[in-house]
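> Just dropping this structure here.
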Amino acid sequence: MTKEGDTGLTWEHRLALWLPGPLLFGAFLVAVCLSAAYLSFQWFFDLHVERSAFGIVLFITWGLIAPRYLIAPLDRQQNGLEVPLSERHKTEIRDLQLPRDAIRVSRFTGAAGVLAFFGIIELLLVLQGFDLITPWIQLHDGSATFALALLSGWFVRFLYFSFAGFYSPPSPQRSDIDLLNLENIYAFGRSGLRGTLVWFIILAISGLLILPGLGSGLWAILPLFAISLGVGLFGLLLPAREVRSLIRAVKREELVRLEPLLHQARDNALTGDVSTQGRLTDLLAYRTQVESTSEWPFDSSTLLRFGLYVFIPVASMIGGALVERVVGMVLD
C-alpha cells in the first residue's frame, strides 16, 4: 500500500481475493447473492421473473471471480510444481496489483461498456416498438433485468485487462528449453486453457439464453458450434505461438551444431577408428530425436482437457433442456 492509501487493486480484484479459493464455491456464493437480490426485488413488487436475468447474473458472477482465475499461474510454479499454499495468496496479490494509469483507463473502459449496453437495450426497445424513456421510469417486468444488463456492461473492463496482458503468463526463456525433456514447457502450453475455459463458459451461458430463440435445428447449431470451436482453438494456440517459435529456434540451432559433429564421426568411422564407432550411432539417434521433438508445447493432458472444455456448451444445453422439461412436468 502506498502513502496515499492506494493498494494497486481494483475493487473487483479485492473481492476476488476475498472470495473462497475454490472457483466453483466462490461462483456459487456470488450467484446466490445476486439471484437472491433479484428475486427479492421482483417478488416485493409482485413482478414476473424473467429467465434472461439469471443469465445476466451468471455473466456478472463470472466477471467478479475471473480475476482470481486468470492471474498468471506460472509465477507460482517451480519446475511445474505449485509453491506452498501459504505463499499463494501473497503471489495473487502481487499479480493483481496494477498501475494507477491502468486502473484509470479500465474505469473509462467500464463506463464505455455500460453506455454500449445501454445503447443496445435502447435499440432493441425501438425495434420492438417501445419508446426510449418509459421502460426506465416505470416499474415493469423487465426493469430489474435492464439494471442487471447495465451492470454487466461494467465488466467489459476485464477484457481491457486481458488484452493489455495483465493476466498473461511470463514468457519462457531460451534456457528453459530442453529438447530431451519438455516437461517444464508444458506449463506454458497449459496457460491457453484458462482463456479457453473462460470462452466456453461464456458460450454455455449465452447458449442457454440465445439458442431457444434460434431454434434447435441442426443447421442452426452446427455453424455456431464450428465457430465456437475455432475461437476456442485459437485461444489455446495463441499463448503457445511464442513458445513454439522458441522451440523451433532451439531445434534449428541444435541441428546446425550437430552437422559438423556428424561429419567428423562419419569420417572417423570410415577410417576404421574403433574408439569412435559408437559415436556416429549415438549422434544419429540424437538427431532423430531432436527432429521428432514436438514444436507445440502440449502434452496429452492439455489436449484432453481442451476436449472436455469443448463439451461444456453442449452439456449446458442438454442440462438446460432437461431442467426445463422437469420443471414443466412438475408445474403441469
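> Please arrange SER40, SER52, SER206 by how many other C-beta atoms lie within 10 Å of their C-beta, fewest to most.
SER40, SER52, SER206
> Ok, one more. Quick one: ARG266, ARG248, fewest Cβ neighbours within 10 Å first, how do they rank?
Going from sparsest to densest Cβ surroundings: ARG248, ARG266.
> With the cut-off at 1.5 for a/c, could you classify the range 238-301 from its C-alpha gyration tensor as rounded, prolate or oblate?
prolate
> With a point put 7 Å past each Cα toward its Cβ, work out how far ARG257 is from ILE120 in nm, to one decimal.
Placing both labels 7 Å along Cα→Cβ, they lie 5.2 nm apart.
> What does the extension gain come out to for ARG174 and GLN289, with contour length at 0.36 nm per residue minus their alpha carbon separation?
So the extension gain works out to 39.5 nm.
> Also: Suppose R0 equals 56 Å; then what is the FRET efficiency for ILE227 and TRP43 from their Cβ-Cβ distance, rounded to the nearest 0.05?
0.90
> Moving on to the next point. Please give the length that would be gained between LEU159 and SER300 if that part of the chain were fully extended, namely 0.36 nm times their separation in residues minus their C-alpha to C-alpha distance (nm, one decimal).
47.8 nm
> Fewest Cβ neighbours within 10 Å first, please rank VAL314, VAL256 accordingly.
VAL256, VAL314
> Calculated FRET efficiency, ALA269 and GLU183, Cβ-Cβ r, R0 45 Å, to nearest 0.05? Could the numbers behind the result be given before it?
Values: r = 34 Å, r/R0 = 0.76.
Efficiency for this residue pair is about 0.85.
> Figure the gain on full extension for LEU150 and VAL32 (residue separation times 0.36 nm, minus the Cα-Cα span) and round it to one decimal in nm. Write down the numbers at each step before the final one.
Numbers: separation 118, 0.36 × 118 = 42.48 nm, distance 1.94 nm.
Fully extending the segment from LEU150 to VAL32 adds 40.5 nm.
Readers should treat all values here as calculations from the given coordinates under stated rules, not as data from a laboratory. Just so we're clear, the structure is a prediction, and the values are computed from it rather than from any experiment. Cβ sites come from the backbone with ideal geometry, for glycine too, and all protein chains shown count toward neighbours.
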